[in-house]
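One structure is given below, encoded as C-alpha cells.
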Amino acid sequence: MVPLNRRDMLQLSAACGLSTAIGEAAVSQQAIAADSAITPAVREQSPIQTRMFWTWDHSTEWALNRLGAHTHGSCNEYGRTTQSFIDDYSALLRWCGRNDVDAVVVWGLLRDGHGGLEAARRLCEVAIKENVRLLCGVGLNAYGGVYYEGNSPYNLERHLQANPDLYAVDANGDSTNFSIDAIGTRVSLSNTSTPGPRGFYHACPSRTENQEFVAESLTWLFKNLELGGVQIETGDTGVCQCSLCRDRRKHPADTFSWEDMALMYPLAAEAIRSVAPEAWIVCETYSHPEPYQGPKAAPGFGDGKAAWADESLEKFPRGVFIQWVADRYLRQGDPDRTWTDKGRVSGNGLRHVMRAHVGTDWGWGAFRGEVALEWIAKMVQQSAASGFDGISLFGEVSTFHTGAELNYLALADFGSSENPQSDQDSFIERIAGPLLGGPSHAVDFVSFAGLLDARFPDRRKDIPTAIASIHGRLAAMPPDIARRWCWLANQLASFAYV
Ligand SMILES: [Zn+2]
C-alpha cells in the first residue's frame, strides 16, 4: 500500500456539464469568439494573452459566511447549498469579467448535490454576460467524466459500475480504483467510513466502449450547456495496465500516460467540435516542459517532460491549449530543477498555459490566500520567455482575503501591455498602492506578508513587531484600506497565536 499524502493527492486534478439547444449554444460561443476577435490591439502585443482560474466546486468560497466549504483538496463531497454554488461562482465570474481574466475552469460543475444541469445553466448565463469563458473540467478516464457526481448516464462511475469489464486494471489485473483516508493513506473503496475524497475510479482508455462513452458524453455536454469550453484530463492517479494498454504503449507510464493523452485528446476534441467548433479545449499534461532527467522510468506529476512527450504532443489536436505545471521548477528550491532554454514550448498550432499552486493549500509550501507576488511574477516571466501566452492560477478564494486579491490582480497585470516585464515595483506603484494606502505602505504590506514565507521560518519571530506596526496605521486609513490591513494583521496573528 503506497502512503499517499493528502496534499499530494491534490496535485491531481480532476470532473463534468447544458441548456438549450445546439443552436443557442453555438450562437453564444460565437458571440464570445467574436468579442475575443476584437480584443484591443494593445492586448495583442502583450506577452500573456490568456488568463484563467482553476477551481474545484467544493473549495470555492466567494459567497462569504456560508456553511460547508472545504479549504483544500480534490474530489471531495460538496458541502454547500445550490444557492451557495451559484452565488460563489457568480461572484467569481463577475470579478473575472471586470478584471481581464478570460476563463474559469470548474471541476465538479455538474453534480446532483448542487443543482445539476439547471445550476450549471445559470452559471453559463452569468459567464456569457460577463464575457468570461466557463470551462467544465472533464476527466476522460478518471475524475467522474462529464457529469461529476449524480444519477446521470454521463457520470463515469455509473458507466463503469454498469460495465465492470471496462474498469482500468493494474499489472496484476486488479482494480486501480481507490480512496484515501483522513491521514492520506490509500484505502479500498469499500472503506466508506472515513471522510475525504469520494474515491478515484479509472477507465481503460483502450476499450472502444470507453472512448465512445467519452465522445457521447462530451457531445451531450455541449448540446446542453452554453459553455465556453473544457479542461480535459486523462487522469494522474494511475493508468490502466491491461494487455490492450500495455501492447498499445511504447513507453512506460505510472501515474499518468502521455500516450493515453495522445489517444484520448483528439477524439475528445473531435466530439466537442462537432457541436461547438469555437469551444476552448485545455489539455492537461501534468508536466513541466523542461526535459526530465530521471531517475524515475516515467516522470510523475509536476516533473519535467518525458523524453517521448513530443511525439505524443504531435498527435494532440491542433488549436487547443496545452496546460503545464510550474511548481517543482518554481518554488521548490531544487537546484536540479531549473527551467532552461530546453524547456521552451513550440507553437505549431498549439497554445500553452502555465499554472502553479500558489495561494492555495495544496502543498508546494503554499497556503490558502498567501501573498505570492514574487512567485507569480517569476512564473509569468519564465513562461513568457519560453513560448507561453497563457497563465492559470487557483481562484477558489474570495478577494475579500487581500492576499488572494493581490494575487489575482497580479495575474491580470503581469505580462500585460501595462506591465510586459511582470515588474513587481510597477505593480506596487500602480495597483497595490492605491488599495493599501500608497506605494510605501504597499511595500510594507508585501514585506510583512513575507514573514510567513515557508523558506524562512526565522522571520516569524518578527510577526509581533509587524502587527504592532499595522495597528499603528489603521486609524488614519479609509475603511476599505484598513480592512485589507486588518486581514494581514489577523493572518499574521493566526501564525503566532497559541
Ligand atoms: Zn487498459
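Reported count of residues in segment 150-175, each being out of contact with any Leu (no Cβ under 8 Å at 6 or more places or on another chain), surrounded by 23 or more Cβ atoms within 10 Å (Cβ to Cβ) and not hydrophobic (A, V, I, L, M, F, W, C), is 1.
Within the span defined as segment 469-484, every residue fails to be hydrophobic (A, V, I, L, M, F, W, C) and in the same structural domain as Asp87 (by TED's automatic domain parsing).
Considering segment 232-248, and only residues there that are small (Gly, Ala, Ser) and more than 9 Å from the ligand (Cβ to nearest atom), the residue that is farthest from the chain's Cα centre (by Cα) turns out to be Gly238.
Filtered by the rule that a residue be closer than 17 Å to Ser447 by Cα and buried (at least 16 other Cβ atoms within 10 Å of the Cβ), segment 465-480 gives Ala466, Ile467, Ile470, Arg473. For segment 50-86, taking the residues that are outside any loop (DSSP other than H, G, I, E, B) and within 18 Å of Glu405 (Cβ to Cβ), the one that is farthest from the chain's Cα centre (by Cα) is identified as Glu61.
Annotation: Gly229 fulfils all but one of (1) away from the ligand (no atom under 16 Å from the Cβ); (2) surrounded by fewer than 19 Cβ atoms within 10 Å (Cβ to Cβ); the unmet one is (2). In segment 335-370, the qualifying residues are those that are within 19 Å of Gly390 (Cα to Cα) and under 15 Å from the mean Cα position of the chain (by Cα), and the one that is surrounded by the fewest Cβ atoms within 10 Å (Cβ to Cβ) is His352. The listed residues are Ser469, Ser447, Ser426, and the only one of them that is farther than 30 Å from Met52 by Cβ and in a helix (DSSP H, G or I) turns out to be Ser469. Of all residues in segment 300-329, those satisfying the criterion of being more than 25 Å from Ala372 (Cβ to Cβ) and part of a loop (DSSP other than H, G, I, E, B) are Ala306, Ala307, Trp308, Glu314, Lys315, Phe316, Pro317, Arg318, Gly319, Val320. If only residues of segment 109-161 that are assigned to a helix (DSSP H, G or I) and of a type in the set (Lys, Arg) are counted, the one that is farthest from the chain's Cα centre (by Cα) is Arg158.
Can you find a residue that is assigned to a loop (DSSP other than H, G, I, E, B), within 26 Å of Thr55 (Cβ to Cβ) and not assigned by TED's automatic domain parsing to the domain that holds Thr360 anywhere in segment 453-460? Scanning segment 453-460, I find at least one residue that is assigned to a loop (DSSP other than H, G, I, E, B), within 26 Å of Thr55 (Cβ to Cβ) and not assigned by TED's automatic domain parsing to the domain that holds Thr360, so the answer is yes.
For residues in segment 313-334 being surrounded by 20 or more Cβ atoms within 10 Å (Cβ to Cβ) and of a type outside the set (A, V, I, L, M, F, W, C), which is nearest to Ala262 (Cα to Cα)? If we take residues in segment 313-334 being surrounded by 20 or more Cβ atoms within 10 Å (Cβ to Cβ) and of a type outside the set (A, V, I, L, M, F, W, C), then Gln323 is nearest to Ala262 (Cα to Cα).
Filter segment 431-458 for residues that are of a type in the set (D, E, K, R) and surrounded by 15 or more Cβ atoms within 10 Å (Cβ to Cβ); which is nearest to Arg368 (Cα to Cα)? Checked segment 431-458; the qualifying residue nearest to Arg368 (Cα to Cα) is Asp453. Any residue at all in segment 273-289 that's farther than 18 Å from Ser392 by Cα, in contact with a Ser or Thr (Cβ under 6 Å, 6 or more places away or on another chain), among the small types (Gly, Ala, Ser) and in the same structural domain as Arg51 (by TED's automatic domain parsing)? No: segment 273-289 contains no residue that is farther than 18 Å from Ser392 by Cα, in contact with a Ser or Thr (Cβ under 6 Å, 6 or more places away or on another chain), among the small types (Gly, Ala, Ser) and in the same structural domain as Arg51 (by TED's automatic domain parsing).
The values are calculated or read from the model by the stated rules, or taken from the named source; none is laboratory data. As the structure is a computational prediction, the values presented were derived from the model and not from experiment. With ideal geometry, Cβ positions are generated from the backbone for all residues, glycine too; neighbour counts draw on all protein chains shown.
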